[in-house]
Amino acid sequence: MSIHFARLLARRLAPVLSVVGALLVGALLPGCASLPPPNAREAVTALDDNADTPLAQVWQRAAADRAPEVNAAVKALPDPRDAFAARVLLARAAKRSLDVQYYIWHDDVTGRLLWHELRLAAERGVRVRLLVDDTNTKGLDPTLAALDGVPNLEVRLANPFAHRRYRVLDLVGDFARVNRRMHNKSFTADNQATIVGGRNVGDEYFGVGTSVEFRDLDVIAFGPIVRKVSASFDDYWNAPTTYRVADLVPPVDPRQAGAILQRIDDTRADPAAARYLQAVARTPLVTGLVEGRIELEWLQARLVADPASKLAATSARANLASQLVSTIGEANESFNLISPYFVPGSGGTDHLVDLARRGVTVRVLTNSLAATDVAAVHAGYAKRRKALLAGGVQLFELKPDATTPPAANHDGKLGGSSDASLHAKTFAIDGQQVFVGSFNFDPRSVALNTELGLVMHSPALAQAMAQAFEQTIPAGAYEVRLDAAGALVWIERTPAGERRLASEPDSGPLKLLAVGLLSLLPIEWLL
């Protein structure tokens, strides 16, 4: 098992795997901790005096010619380097504010490069608010404190752990709370432009040649829809479940803070980072901006987002999932779903089968066992495969050696070859509506995590997804079917023709045994 895989597995299944260990060692670890009492603080909201900023002009230049219902101008960002470049460009273009919200922010090349951009923005007078979920920040307290000490830059943590060193103790004493996580992802500049989608901040999301490279999707959006994203950000920023880093983490002395910030700044001079930045400078997005030929799609968009109150341990299931179910229920012709962590459960399985039996073409792309970063999630999906297939749902599973799309195949990739793993969360309905966001079709997204995304009326994006299912996805994925005897078979399309495989492709007996055992455990609600 690679270090990267182990890290991802631990992240996804921490609630499942940590409790027993915590019960064994909890009595041996010193001290107890609790979160500080909520301090009285004035609500801080998005700035709205931004009509004169360069980012506002993107919308204003052409909005007069658009239909009244059009509230967004968007561009899809499937290319990982384009996605990184877009964040850098927004950070540099911002004149008033940057509101940045992520589930994961790694201390790696791209993580430090984006910290550097936030610091530069703050130093030129931009108000920067950085909100990060606390579940993946172990070891980052000094770095976050140093960033929080930069004038105009404030860092807050969503649903933080009280035990900063021995976090496993929170899983024992406060499991119902810390099992809920802020999974939202947005990067908003001047309340005029935003990036939302599936990507966290880390090398594996931006094509920096780690052992696993995620296939992901964001959209950059301009226009009135951005104010909805900002309002959602404000809800989390001011929520009682959000804490200022300064209230949780001891301050770092000026010398230590200076060394941490210098390390972040020095990342740009690292030869590997320099090669990556050179590659980013040649992406279609950047070259298109230089040449003045970026095309945006003008459309009607709707924000779907869970409220921050969902992070409270006493909260009932919140509204994003119900909004999406209602939207999916409108399908009459086709429903194309891409979801890396696809655990439909019995209810979701019945819903998809009902769509198929009504004559709707239902197609799903998820990770194969060989491509997934979390075997337990695959186990939750695998137990539903036969029912889905018998009900008429078409299933495709991404191959780990799926080739990188040509548009993303730039020079300057760091490191060696990477296995492909799906991370995009998107669906299209009837060739008209498209969702892009953070929501996985799994119980965790429905009941435990908070999520955010956009539902867009975009025939262009919807038809591009349909075309992918008809042309490119079958070449990079196994199609799963039932044979005449009702057994699963995997169809691989190769230049030499189709291959039929009778067991999970590229998976040895130990992995298959582990998945079989995991499927027997009552952990589906945690996945």
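Take the stretch 240-364 with all the other protein chains still there, run a 1.4 Å probe, and you get 49 Å² of accessible area per residue.
Which of rounded, prolate or oblate describes the stretch 104-219 when judged by the alpha-carbon gyration tensor and an a/c cut-off of 1.5? Don't skip to the end; give the middle numbers.
Numbers: a/c = 1.66, a/b = 1.24, b/c = 1.33.
Note, shape of the stretch 104-219 comes out oblate.
Hey, what did the stretch 127-173 get for relative contact order, percent, Cα under 8 Å, at least 6 apart?
Working: 46 pairs, mean separation 20.6, N = 47.
Taking the mean separation of contacting Cα pairs over the length of the stretch 127-173, I get 44 percent.
Extending 7 Å from the Cα toward the beta-carbon at both ARG244 and ALA176 defines two label points whose distance is 3.0 nm. Over 24 Å between C-alpha atoms is what I'm after, so list which of LYS386/LYS511; LYS310/LYS399; LYS95/LYS185 land there. Distance filter (> 24 Å) returns LYS310/LYS399.
Computed over the chain, relative contact order equals 18 percent, with contacts defined as Cα pairs under 8 Å that lie 6+ residues apart. When the Cα gyration tensor is reduced to axis lengths a ≥ b ≥ c, the ratio a/c is 1.5 or higher for the stretch 183-224, and with a/b above b/c it is classed as prolate.
Can you tell me the accessible area per residue over the stretch 33-162, all protein chains present, probe 1.4 angstrom, in square angstrom? Working shown, then result.
Values: 4840 Å² over 130 residues.
On a per-residue basis, 37 Å².
Here ALA447 and ARG358 are evaluated by their C-beta separation; at R0 = 22 Å the FRET efficiency comes out at 0.25.
Note on the stretch 189-272: semi-axes of the ellipsoid equivalent to its C-alpha gyration tensor, largest first and rounded to whole Å, are 27, 24, 13.
Of the residues LEU55, PRO474, GLY288, the one whose Cα sits farthest towards the positive end of the charge dipole of the chain is PRO474 (charges of +1 on Lys and Arg Cβ, -1 on Asp and Glu Cβ, taken about the Cα centre). Using label points projected 7 Å from each Cα along Cα→Cβ, tell me how many nm separate SER326 and THR314, to one decimal. Calculated label separation equals 2.7 nm.
Need the list of aspartates and glutamates near LYS75 for cross-linking: C-alpha distance under 12 angstrom, and skip anything on the same chain fewer than eight residues off. Output for LYS75: ASP218, GLU295, GLU297.
Determine Rg/Rh for the stretch 344-383; Rg is computed over alpha-carbon atoms and Rh is the Kirkwood hydrodynamic estimate from the same atoms. Intermediate values should be presented prior to the final figure.
Working: Rg = 11.9 Å, Rh = 11.3 Å.
Computed over Cα atoms, the ratio is 1.05.
Each peptide in 426-439, 190-203 receives the mean, over its residues, of other Cβ atoms within 10 Å, and ordering these scores from highest gives 190-203, 426-439.
For the chain, the share of accessible area belonging to carbon and sulfur comes to 56 percent (1.4 Å probe, ligands and nucleic acids excluded). Between ALA390 and LEU521, the contour length at 0.36 nm per residue exceeds the Cα-Cα span by 44.7 nm.
R0 = 22 Å: FRET efficiency of GLU295 with GLU69, Cβ-based, nearest 0.05? Write out the running numbers ahead of the final one.
On the way: r = 20 Å, r/R0 = 0.93.
Once the sixth-power term is evaluated, E becomes 0.60.
The structure shown yields mean projected area of the Cα convex hull in nm², and of the options (i) 25.1; (ii) 41.4; (iii) 23.6 that calculated value carries the label (i). Note on GLN57 and GLU333: the extension gain reaches 95.5 nm, defined as 0.36 nm multiplied by sequence separation minus the Cα-Cα distance. About its Cα centre, the stretch 458-525 has a charge dipole of approximately 80 debye under the convention of +1 per Lys or Arg Cβ and -1 per Asp or Glu Cβ, with nothing else charged. Does the stretch 136-192 come out rounded, prolate or oblate, given a ≥ b ≥ c as the square roots of the eigenvalues of its C-alpha gyration tensor, rounded meaning a/c under 1.5 and, failing that, prolate meaning a/b above b/c? Here the stretch 136-192 falls in the oblate category.
When DSSP beta bridges are limited to those with both residues in the chain, what percentage is antiparallel, rounded to the nearest 5? Each step should come with its number before you reach the end.
Working: 55 of 83 bridges.
If I count the DSSP bridges inside the chain, around 65 percent turn out antiparallel.
Rolling a 1.4 Å probe over the heavy atoms of the protein chains gives the stretch 427-478 an accessible area of 26 Å² per residue.
I'd like the per residue volume of the convex hull spanned by the Cα atoms of the stretch 26-153, given in cubic angstrom.
Details: hull volume 24.3 nm³, N = 128.
Once divided by residue count, the hull of the stretch 26-153 is 190 Å³.
The simple spin-label model puts a point 7 Å past each Cα toward its Cβ; for ARG499 and THR287 those points are separated by 3.4 nm.
On full extension, the segment bounded by ARG165 and LEU512 gains 121.4 nm, given 0.36 nm per residue less the C-alpha separation.
The values are calculated or read from the model by the stated rules, or taken from the named source; none is laboratory data. As the structure is a prediction and not an experimental result, all values here were calculated from the model. With ideal geometry, Cβ positions are generated from the backbone for all residues, glycine too; neighbour counts draw on all protein chains shown. The protein model used for the area step is the full one, side chains on, heavy atoms only, and it has no ligands, DNA or RNA in it. Shrake-Rupley method; radii C 1.70, N 1.55, O 1.52, S 1.80 Å.
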